[in-house]
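So the structure is just underneath, and the comments pick up after that.
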Amino acid sequence: YNNIMAPWESLSDEQIVSAINYERASWGNTGTPVTAADVARVRAAVKGRSTPWTVAELEKAAIK
């Protein structure tokens, strides 16, 4: 794939779920699936954010 990543705002919750679950189940990964409700909850929690996430913020993020 030789292109820029589409902004999350342009993708539906279901499209994001598909991408996340593919990564969580591929290449030896064994992560549990996420749901569209999970994506909607995170979108609501970070609505309005306009700055990139820092490494420190991502390391503190709770993955549920």
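In terms of accessible area, using a 1.4 Å probe and ignoring ligands and nucleic acids, Ser50, Ser10, Ser26 rank largest first as Ser50, Ser10, Ser26.
When the chain is described by a simple charge dipole with +1 on each Lys and Arg Cβ and -1 on each Asp and Glu Cβ, the residue from Ile4, Ala40, Thr30 located farthest towards its positive end is Ala40. For the chain, a crude dipole built from +1 on the beta carbon of Lys and Arg and -1 on the beta carbon of Asp and Glu, taken about the Cα centre, is about 200 debye to the nearest 20. Per residue, the average separation of C-alpha pairs within less than 8 Å and at least 6 apart gives the chain a relative contact order of 23 percent.
Accessible-area rank, largest first, for Trp53, Trp27: Trp27, Trp53, with all protein chains present and a 1.4 angstrom probe. By the compact-protein rule of thumb, 2.2 N^0.38 Å, the alpha-carbon radius of gyration of the chain corresponds to a ratio of 1.21.
The values are calculated or read from the model by the stated rules, or taken from the named source; none is laboratory data. All figures in this text were calculated on a predicted structure; none of them were measured in a lab. As a convention, Cβ positions derive from the backbone with ideal geometry for all residues, glycine included, and neighbour counts pool all protein chains shown. SASA here: full protein model, heavy atoms, side chains in, ligands and nucleic acids out. Shrake-Rupley method; radii C 1.70, N 1.55, O 1.52, S 1.80 Å.
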